[in-house]
1. Among the residues that make up region A:15-31, is at least one of them polar (S, T, N, Q) and in contact with a Lys or Arg (Cβ under 7 Å, 6 or more places away or on another chain)?
2. Check residue B:239 against each of (1) within 14 Å of chain A (Cβ to nearest Cβ); (2) under 30 Å from residue A:62 (Cα atoms) and name the one condition it does not meet.
3. Touching a helix residue (DSSP H, G or I) at 6+ places or on another chain (Cβ under 9 Å) and more than 14 Å from every other protein chain (Cβ to nearest Cβ): does that describe residue A:270?
4. Select from region B:211-233 the residues that are part of a helix (DSSP H, G or I) and away from chain A (no Cβ under 14 Å) and write down the one among them that is surrounded by the fewest Cβ atoms within 10 Å (Cβ to Cβ).
5. What are the residues in region A:122-143 that are open to solvent by 30 Å² or more (accessible area, probe 1.4 Å) and either away from every other protein chain (no Cβ under 12 Å) or touching a Ser or Thr at 6+ places or on another chain (Cβ under 9 Å) (or both), if any?
6. Would you confirm, using the coordinates I've provided, whether residue A:260 is among the polar types (S, T, N, Q), open to solvent by less than 10 Å² (accessible area, probe 1.4 Å), away from chain B (no Cβ under 14 Å) and within 16 Å of the chain's Cα centre (by Cα)?
7. Given the conditions (1) within 14 Å of another protein chain (Cβ to nearest Cβ); (2) touching a helix residue (DSSP H, G or I) at 6+ places or on another chain (Cβ under 7 Å); (3) assigned to a loop (DSSP other than H, G, I, E, B), and given that residue B:248 satisfies all but one, which numbered condition is not satisfied?
8. Any chance you could count how many residues in region B:187-243 are more than 30 Å from residue B:7 (Cβ to Cβ), touching a helix residue (DSSP H, G or I) at 6+ places or on another chain (Cβ under 8 Å) and among the charged types (D, E, K, R)?
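The values are calculated or read from the model by the stated rules, or taken from the named source; none is laboratory data. Treat the numbers as computed from the prediction; the structure is a model and nothing was measured. Cβ sites come from the backbone with ideal geometry, for glycine too, and all protein chains shown count toward neighbours. Remember, those area values only see protein heavy atoms, side chains included, never the ligands or the DNA or RNA. Shrake-Rupley method; radii C 1.70, N 1.55, O 1.52, S 1.80 Å.
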2 protein chains.
Amino acid sequence: MIGGIELGGTKCIVAVANNPLDIIEKKVIPTRDPKSTISDIVSFFNNFKISSLGVGSFGPLVINSESDDYGLLVAESKKGWKGVNIVEELSNINSNIILDTDVNAAALGEYRYGAGKLSETLVYVTVGTGIGVGILLDGRPHIGNFHLEIGHMLIPNSDNFRGVCEIHDNCWEGLASGPSMQTRWGIEASKLSESHEAWVKEADLLAIGLVNIISNHSPDKIILGGGVMNQKHLFPILRLKVKEIWNSYTPLDSLSQLISEPGLEDNSGIVGSLSLTL
Amino acid sequence: MIGGIELGGTKCIVAVANNPLDIIEKKVIPTRDPKSTISDIVSFFNNFKISSLGVGSFGPLVINSESDDYGLLVAESKKGWKGVNIVEELSNINSNIILDTDVNAAALGEYRYGAGKLSETLVYVTVGTGIGVGILLDGRPHIGNFHLEIGHMLIPNSDNFRGVCEIHDNCWEGLASGPSMQTRWGIEASKLSESHEAWVKEADLLAIGLVNIISNHSPDKIILGGGVMNQKHLFPILRLKVKEIWNSYTPLDSLSQLISEPGLEDNSGIVGSLSLTL
């Protein structure tokens, strides 16, 4: 039996499984302060004997397993969590922990079992509480020196709205995440009707970020998940806008092939976290 | 003996060498229309017997050697060159041609012999007639599906200047290349005094692009070359601005280590093109 944790800023999904697609038990735990959240996570696994534990976590955090700080959250992206070492805190569950970012884990889930099969340059984007991006090159995460933080790239904004990112104001996450929509329109994104102008603006901002990802990585597949992307009507607008902005500068595959919904629906993250153990 | 060609939008450098650092003869040919430029290139090599030919070329072009279109320039980034097949045109010189983008070649030169030795995630940026970026991961180019076109990512611009890119207007290249400086200030960049406000604006725009590269690739080394970067006073301002914008979100190496001048001065491109043959 293997264990998996998808540790997100809003909620945490824990699971035990025979293999990533054959989950035996799964639970959703709200992410609060580190102490009570981790205590709930540890309790869940007390009932199971697992051989290894895959963890996909929000960041930024140290994912280099050779570092003394392996597992350390280095910024206050979630209040109260800066300085917490995820690997240390979870070591009571199992000593064999494989840690990656939540978005690299989700990308891995989609690569193995979802919409990203055989993709050589696979991008997984989550648009929700924040914007995060995981990239797999031939199935292996593109990590660089620390890890990617593509949600924090700076993008143009055509109006005077001030983005909600506490670190960078008008980065992609600051301008186009769920909370930024709520601030901009004064109402939770999920409560906006499909015909609200908010969605065209949101598609604009998301398309600019995707064009920057195309220019930076030339992917053959971009999968978009997360709460905001549950608004499926965003996908066709997004494809049109990406095509319009890129302006045929280099050849792109058919946009409906290139820009895709997740194949695992809401399970990319937990299936991917379980896959980290393989 | 090996041959190398650095085919740029303004000039073309051709060379024969015993090895990339031991150049026997070198010549600079102005890049004009395809026919006369290629004729000059072929003439140069007529006098030498080479075993293989490395070509670093401006793009966008097909660099997948398994494609039927290997060598094809797919956009009019240089007037008159769209539709030219570089590999076909040069095949009379030698049948063993190894083609890559000019910036991947320059990155390779710096990785093997210059400021990028041992860098695991190496970024080479040229800022001149255009802005181009080559990235090596453990010494191998990050190509993706087509190749990267990071000069064409969209960046914020704080004033009403309209960028000069004919494809995307306000992309990084449109806002911060040499020609955009000339349009903005009405005078060639190389003729602006060091104290001119143009350089602070230029550093601003370059820093935004570098922050986006950091968020997209988490590099351990960014080397900046090209005509505009011959203004060495840009480097300290650039480092300060990158630090300011990134705002310690993730740990960065010392900025003077991270953001560096080329180790091969103006020879990164031709040394790298010769290195493609190895």
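1. Yes, region A:15-31 contains a residue that is polar (S, T, N, Q) and in contact with a Lys or Arg (Cβ under 7 Å, 6 or more places away or on another chain).
2. (1)
3. Values: touching a helix residue (DSSP H, G or I) at 6+ places or on another chain (Cβ under 9 Å): yes; more than 14 Å from every other protein chain (Cβ to nearest Cβ): yes.
Considered against the rule, which asks whether it is touching a helix residue (DSSP H, G or I) at 6+ places or on another chain (Cβ under 9 Å) and more than 14 Å from every other protein chain (Cβ to nearest Cβ), residue A:270 comes out as yes.
4. Initial filter on region B:211-233 (part of a helix (DSSP H, G or I)): B:211-217, B:227-230.
Filter again for away from chain A (no Cβ under 14 Å), leaving B:227-230.
Numbers: B:227: 17, B:228: 23, B:229: 19, B:230: 15.
That would be B:230.
5. Quick first cut of region A:122-143, residues open to solvent by 30 Å² or more (accessible area, probe 1.4 Å) only: A:126, A:129, A:137-138, A:140-141, A:143.
Within region A:122-143, A:126, A:129, A:137, A:138, A:141, A:143 qualify.
6. On the way: among the polar types (S, T, N, Q): yes; open to solvent by less than 10 Å² (accessible area, probe 1.4 Å): no; away from chain B (no Cβ under 14 Å): yes; within 16 Å of the chain's Cα centre (by Cα): yes.
So residue A:260 does not fit the description; no.
7. (2)
8. 5
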